[in-house]
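To keep things clear, I will list the structure first and then write my remarks on it.
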Amino acid sequence: MPDALMSDKTYYVTTPIYYPSDKLHIGHAYTTVAADCIARYKRMGGYDVFFVTGSDEHGQKIERKAKENGTDPLSYVDRIVESFQELWQKLLITNDDFVRTTEPRHEKAVQKLFQKLYDQGDIYKSYYEGLYCTPCEAFWLERQLEDGNCPDCGRPVEHVKEESYFFKLSKYQDQLLQYIEEHPDFIRPASRRHEMVNFIKSGLDDLCVSRTSFQWGIPLPFAPGHVVYVWFDALANYLTALGWQDGDPRFEHYWSHTYHLMAKDIVRFHAVIWPIILIAADIPLPQTIFGHGWILMEGGKISKSKGNVVDPFILIDRYGVDAVRYYLLRELPYGSDSQYSEDSLIGTLNADLANDLGNLISRTLGMLKKYQGGVVAKAGVPQGPDSDLINCAHQAKEELEQQLERFDFSNALAAIWKLVRRANRYVDETSPWNLAKDPNSKERLQTVLYNLSETVRVLAIWCSPFMPVFPKRVFEQFGIAGRLDLQSWESTAQWGLLPPDLQVEAGPGLFPRIQVKDEEDAEEKSPKEQSKAVKKLQETEQSEKPEKPDGLEKPCKPIKPQISIDDFAKVDLRVALVKEAEKVKGADRLLKLQLDLGSETRTVVAGVAQHYTPESLVGKQVIVVANLAPVKLRGVISSGMILAASEGDRLGVLTVEKELLPGTCVK
């Protein structure tokens, strides 16, 4: 397509290039999955997308690691880089290029950029004497250390003295500050922008951009014995991928639409050093530099240097690629950190994928098969909750797109799940199993099942950038695998495109529940055995589970002994409005709720976190036991209890049908 037609629909998205000192962990996987999600979404929207990742292979740390392993640096990194590429294949990453800093094309780009800055007087020779963190490949001043150690990784720094070349970072300080102030979306989220502005205002020192104490790097074209500082080297990869060094027209085509994604610990390099290099080289700055939070474990940030890594290969083999991608994108809040635990992962997958989405799809397919012979019939005149379901779909789409544009993947998924949960309520409201018993309700039943089928189609499309595997299975089951027009993002803007008379074919459950107990027992097994054990459990559970298209089960517990009206009167039940909700730290099943009871605000802890996200409860009117004695749960005083009903693995919080004033008595 001609550039003139694509100029406003062009997108260049990058991850940082990862350091091959060891295998990657789920923190790296998050950044790459996030970039892949936005790349897939933009492609579905008709954008010309170029997506780049790669490996940062030079530096003193690699040279030392190779020596420790009795090999040369290139042989050492070759093996690890191969594992990077294997991981991206398993995660279904759709990158268009993979830049290795040891490639000749990259060496050419770095030397061209360095020479340009040197020729115009922005790089000069001097001596560096100071502090250096080899694991982070970063220079530090004494005042920047924390307890005498590197502020990033916490390990000791080395005192180094050597002849070096310096880049005049300080020369462009004010120019960069002005640009940031005039372009508020240049550094996102706002918290990162404030950090960088404060860092720049504290004063920038010129940057040491060459080393002579080791040789594993790109040699300076004009100074034998000097190699380029690894961060100057690495940042230039974004130019390399577009062929800037060769005058490739792709550079002019894509560069003005550049979006860099990374973890917050390397924002300083991308939002200070990189823009100043570009300003000095007269290259336009990227559209956005986005720094996401960290995935934390007990003991802090997940990192190779700390040894507390979580192997994404094992998680993919154990739970599947869609599940791992969903968890990563759902659990890391916008710009904030997230606490990882396998219990949390299993709880999220069971609640969101198995209970909510998987259950909706299986119920819809099951009811189509049972009540209409597996045929999607034409919808009749909308009535009852139909309009509310359709309006929810339109609102969710708008919110989903807004959140994706700001790289808020967690709330983008929350927007999708608003329709998932609304559709599950729609099933209960319309009761298709009752409609099927009444011959006069045939058209109404057809309408309900059509609306559910159309909801599933829309949800499969929306989920495609996040989870690329299961939507294809949905399209196959609904007989539209070859209908690309019914799988496009644009097609979700109009309700009712699913053609009638489609023959559906229900298959195995898309997201079988994961048994926590057996997962814990599997910890003593090898990753391969764990994967087989979980798969067998899932298959067994699916085969043993009786078909219940209507989603109903008989209560399994007997009715308790009778009580008097006086006994019941002792329980003070009130309507309460959920004003705020958040997860209780360290407790996978608990949410901390702030409830408006009219005359006061109460804090109540509820064990519903595996069934509801915090944001899905805000604004709901719930029923609370207002006179329950306070109790301390995980350090939080809970003054009351909200009511909920449970049916097997499903749970629903009790709400009121009509809006009532907070504090209204329940009789």
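Observations on the structure shown:
- Ser344 without any contact (Cβ under 8 Å) to a residue 60 or more places away in the chain, among the hydroxyl-bearing types (Ser, Thr, Tyr) and either surrounded by fewer than 22 Cβ atoms within 10 Å (Cβ to Cβ) or not assigned by TED's automatic domain parsing to the domain that holds Pro512 (or both): no
- Inclusion of Tyr238 among residues that are in a helix (DSSP H, G or I), of a type in the set (Phe, Trp, Tyr), within 30 Å of Gln60 (Cβ to Cβ) and more than 29 Å from the chain's Cα centre (by Cα) is not warranted.
- Qualifying residue in the stretch 573-587 (condition: closer than 19 Å to Ser410 by Cβ, out of contact with any Ser or Thr (no Cβ under 6 Å at 6 or more places or on another chain), basic (Lys, Arg) and free of Cβ contacts under 8 Å to residues at least 40 places away in the same chain): yes
- Residue among Asp233, Asp246, Asp205 that is buried (at least 16 other Cβ atoms within 10 Å of the Cβ), of a type in the set (Asp, Glu) and either assigned by TED's automatic domain parsing to the domain that holds Ser170 or touching a helix residue (DSSP H, G or I) at 6+ places or on another chain (Cβ under 8 Å) (or both): Asp233
- Restricting attention to the stretch 373-422, the residues that are assigned to a helix (DSSP H, G or I), over 27 Å from Gln477 (Cα atoms) and not charged (D, E, K, R) total 6.
- Of the residues contained in the stretch 179-192, one or more are found to be farther than 28 Å from Pro20 by Cβ, in a helix (DSSP H, G or I) and hydrophobic (A, V, I, L, M, F, W, C).
- Failed criterion for Asp152 (all others in (1) acidic (Asp, Glu); (2) touching a residue at least 40 places away in the same chain (Cβ under 8 Å); (3) more than 25 Å from Glu57 (Cβ to Cβ) hold): (3)
- Residue match in the stretch 338-352 (condition: part of a loop (DSSP other than H, G, I, E, B), at pLDDT below 95 and under 18 Å from the mean Cα position of the chain (by Cα)): yes
- Filtered residue count, the stretch 106-138, keeping only those that are touching a Cys at 6+ places or on another chain (Cβ under 7 Å), free of Cβ contacts under 8 Å to residues at least 40 places away in the same chain and not in a strand (DSSP E or B): 1
- Set Lys42, Lys125, Lys61, Lys108: member being closer than 25 Å to Leu278 by Cα and in contact with a Phe, Trp or Tyr (Cβ under 8 Å, 6 or more places away or on another chain): Lys125
- Checking each residue in the stretch 196-224 for being hydroxyl-bearing (Ser, Thr, Tyr) and within 27 Å of Val77 (Cβ to Cβ) picks out Ser210, Thr212, Ser213.
- Out of Leu595, Leu590, Leu617, sole residue that is at pLDDT 90 or above, closer than 18 Å to Leu660 by Cβ, surrounded by 15 or more Cβ atoms within 10 Å (Cβ to Cβ) and out of contact with any helix residue (DSSP H, G or I) (no Cβ under 9 Å at 6 or more places or on another chain): Leu595
- Residue match in the stretch 427-446 (condition: surrounded by 22 or more Cβ atoms within 10 Å (Cβ to Cβ), of a type in the set (Val, Ile, Thr), more than 28 Å from the chain's Cα centre (by Cα) and under 18 Å from Leu502 (Cα atoms)): no
- Residue count for the stretch 623-665 under the criterion of being in contact with a Gly (Cβ under 7 Å, 6 or more places away or on another chain) and either among the polar types (S, T, N, Q) or not in a loop (DSSP other than H, G, I, E, B) (or both): the result is 4.
- Unmet criterion (only one of (1) modelled with pLDDT under 95; (2) surrounded by fewer than 16 Cβ atoms within 10 Å (Cβ to Cβ); (3) over 21 Å from Trp255 (Cβ atoms)) for Pro104: (1)
- Leading residue by the ranking (farthest from Arg513 (Cα to Cα)) among those in the stretch 586-621 that are among the polar types (S, T, N, Q) and either outside the structural domain of Arg574 (by TED's automatic domain parsing) or within 29 Å of the chain's Cα centre (by Cα) (or both): Gln594
- Enumeration of residues in the stretch 78-130 that are over 28 Å from the mean Cα position of the chain (by Cα) and either among the hydrophobic types (A, V, I, L, M, F, W, C) or outside the structural domain of Leu235 (by TED's automatic domain parsing) (or both): Ala109, Val110, Leu113, Phe114, Leu117, Ile123
- Criterion applied to Ile361, Ile390 was being within 25 Å of Val458 (Cβ to Cβ), assigned by TED's automatic domain parsing to the domain that holds Gln446 and surrounded by 22 or more Cβ atoms within 10 Å (Cβ to Cβ), and the one residue passing it is Ile361.
Conditions tested, residue by residue: (1) among the hydroxyl-bearing types (Ser, Thr, Tyr); (2) in contact with a helix residue (DSSP H, G or I) (Cβ under 9 Å, 6 or more places away or on another chain).
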residue	(1), (2)
Thr53	yes, yes
Gly59	no, yes
Arg64	no, no
Leu74	no, yes
Lys90	no, yes
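- Long-range neighbours under 6 Å by Cβ, at least six apart or interchain, first residue crowded, with 16+ Cβ neighbours inside 10 Å within the stretch 180-195, second assigned to a loop (DSSP other than H, G, I, E, B): Ile180/Phe186; Pro189/Gly335
- Within the stretch 17-30, being surrounded by fewer than 24 Cβ atoms within 10 Å (Cβ to Cβ) and among the β-branched types (Val, Ile, Thr) holds for one residue alone: Ile26.
- For the stretch 375-387, the candidate set comprises residues that are surrounded by 16 or more Cβ atoms within 10 Å (Cβ to Cβ) and of a type in the set (Gly, Ala, Ser); within that set, the residue that is farthest from Asp501 (Cα to Cα) is Ala379.
- Meets criteria (within 30 Å of Tyr30 (Cα to Cα) and buried (at least 20 other Cβ atoms within 10 Å of the Cβ)) for Glu57: yes
- Filtered residues of the stretch 264-297 (kept if out of contact with any Leu (no Cβ under 7 Å at 6 or more places or on another chain), of a type in the set (Gly, Ala, Ser) and more than 20 Å from Gln144 (Cα to Cα)): Gly291
- For the stretch 469-508, residues that are in a loop (DSSP other than H, G, I, E, B), crowded, with 19+ Cβ neighbours inside 10 Å and within 27 Å of the chain's Cα centre (by Cα) total 2.
- Answer residue from the stretch 622-634, given it is in contact (Cβ under 8 Å) with a residue 12 or more places away in the chain and surrounded by fewer than 21 Cβ atoms within 10 Å (Cβ to Cβ) and is farthest from the chain's Cα centre (by Cα) among those: Asn627
The values are calculated or read from the model by the stated rules, or taken from the named source; none is laboratory data. What you see is a predicted model, and the numbers here were worked out from it, not measured in a lab. Because the Cβ atoms are built from the backbone with ideal geometry, glycine has one as well, and the counts that use them run over all protein chains shown.
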